[in-house]
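Asks: Starting off with a structure, shown below.
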Amino acid sequence: MPSIHTHTTSTPSPVRPTTPVLPTPPSGDIPVTPARAAVFDPTPAHTGPLAGPVSGAMGPLATRLSTVLPTGYSLPKTVPLGAATIHRYDDHRVSPPTIAVTVWAPIAPAGSGGKVQNLNEADYAAPLPDRFILTDAGLSRCFIGVDKRPGTPLAKKLDELVAQIPTNPAGGIDADAAIEWVRANVNQLIKWTAGSSANDGRAEFDWDKAIDVPQSVWSTFSNVAFREVGHAPEAAGADYPVVPFENYIEAGQGYCIQKAVLAALILDKVGVPSKIVNGAVAQGPGKTVGHTWVELADGRVLDAAWSRVSAKGPSPDGFPDRYRFGGSDRFANQSFPYLVL
């Protein structure tokens, strides 16, 4: 996920943002886009033709999306925008050593009954909520809205995908078969956008290019850098668009967070315990880049963006919260706010 904002802090010194660097995946893997933030995207559903191809993408989006929400479909077009600090750690190889990770996150609209929760603390055995909103961390990409209730466009699409997973002699789907299918196919269902490798958080989809928020929100973003990790997102005084998750499936393109969400939704559909994890891949002293993956109940990591599933490796010296995976070290953020509707 691009658009992760990291600050090195030394109270009361000013916050200094660092530039994200694209993590290098193991040889032969697809490049990883930065994915360091919650998964929320409130945007209207679309079912008409897009205005044009994704900017700089490999080709025009063949899928036609609509501007009318289907009957019974319930995702807000916008939700209040908030800012939250989701991780803080010390890296004594740099000065100042304390590094805080701050992201943009969704807030429940008044009267909606929604609640912001920590996605990284989800229970493996608990099914994903029927409706939720995630963030890509920055202000260049919409929040991501999920409505998987029976009969919704997303539920129908998930049924189509699950029908493609090989079954056992009894007609059921084994966990290992589902995991392998997800590992092998998600990267084809949602391919990387043309701009993914730049890892600069650019807006490529039409719905992202239409985002317009006042510059005044940045004062809120800076203020929360010194707050405790896991605090409720602080309102920035603006609304932010939400885009239905199925738009990315129809477009066939996205980023690591969309790949992780699709993987988790499919596993959830067939009853394989797992959860979405948002964190980062280490790039060197004081440098990390956001990323999102799926963790299985047996402790293995299923990284749909890297088409890889394996056990966690050892922790590097001095960083007990990190572990080796696919040739690099990674860690889960201490908090990753998402909005459950």
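Every number in this text was worked out from the coordinates using simple rules, so none of it is lab data. Being a predicted model, the structure only gives us computed values, none of them experimental. Positions of Cβ are backbone-derived with ideal geometry, glycine not excepted, and every protein chain shown enters the neighbour counts.
Asks: Quick one: which residues, 5 or more positions from I86 or on another chain, have an amide H under 5 Å from its amide H? H modelled 1.01 Å from N in the peptide plane, none for Pro or chain starts.
Replies: Amide H to amide H, under 5 Å and 5 or more residues apart or across chains, I86 pairs with V101, T102, V103.
Asks: Which of Y124, Y323 comes first, and how do the rest follow, when ranked by fewest Cβ neighbours within 10 Å?
Replies: So the residues, fewest neighbours to most, are Y124, Y323.
Asks: Work through the residues other than V309 whose Cβ is under 11 Å from its Cβ and net out their charges, Lys, Arg +1 and Asp, Glu -1.
Replies: Details: positive: R183, R300, R308; negative: D176, E180, E295, D298, D303.
That works out to -2.
Asks: What FRET efficiency, computed as 1/(1 + (r/R0)^6) with R0 = 25 Å and r the Cβ-Cβ distance, is obtained for K209 and E160, rounded to the nearest 0.05?
Replies: Rounded to the nearest 0.05, the efficiency is 0.30.
Asks: Now for a different question. Can you sort T98, T292 so the residue with the fewest Cβ neighbours within 10 Å comes first?
Replies: Numbers: T98 17, T292 36.
Ranked by crowding around the Cβ, least crowded first: T98, T292.
Asks: Excluding N168 itself, what net charge comes from residues whose Cβ is under 11 Å from its Cβ, given Lys and Arg +1 and Asp and Glu -1? The partial results should precede the final answer.
Replies: Values: positive: none; negative: D174, D176.
Residues close to N168 contribute a combined charge of -2.
Asks: Still on this structure: Need the full-extension length gain, T167 to S74, defined as separation in residues times 0.36 nm minus the C-alpha distance. One decimal, nm. Could you put the intermediate results ahead of the total?
Replies: Values: separation 93, 0.36 × 93 = 33.48 nm, distance 3.26 nm.
Full extension from T167 to S74 adds 30.2 nm.
Asks: What does the charge count near V186 come to, summing +1 for each Lys or Arg and -1 for each Asp or Glu among other residues with Cβ under 12 Å from its Cβ?
Replies: Net local charge, V186 excluded: +2.
Asks: What is the gain in length, in nm to one decimal, between H92 and D239 on full extension, counting 0.36 nm per residue of separation less the C-alpha to C-alpha distance? Let's see the in-between values first.
Replies: On the way: separation 147, 0.36 × 147 = 52.92 nm, distance 3.82 nm.
Stretched out fully, the H92 to D239 stretch lengthens by 49.1 nm.
Asks: Right, here's the next one. Evaluate the distance, in nm, between pseudo-label points positioned 7 Å from the Cα of S197 and of S310 along their respective Cα→Cβ axes.
Replies: Each label point is offset 7 Å from its Cα along the Cβ direction, giving 2.3 nm.
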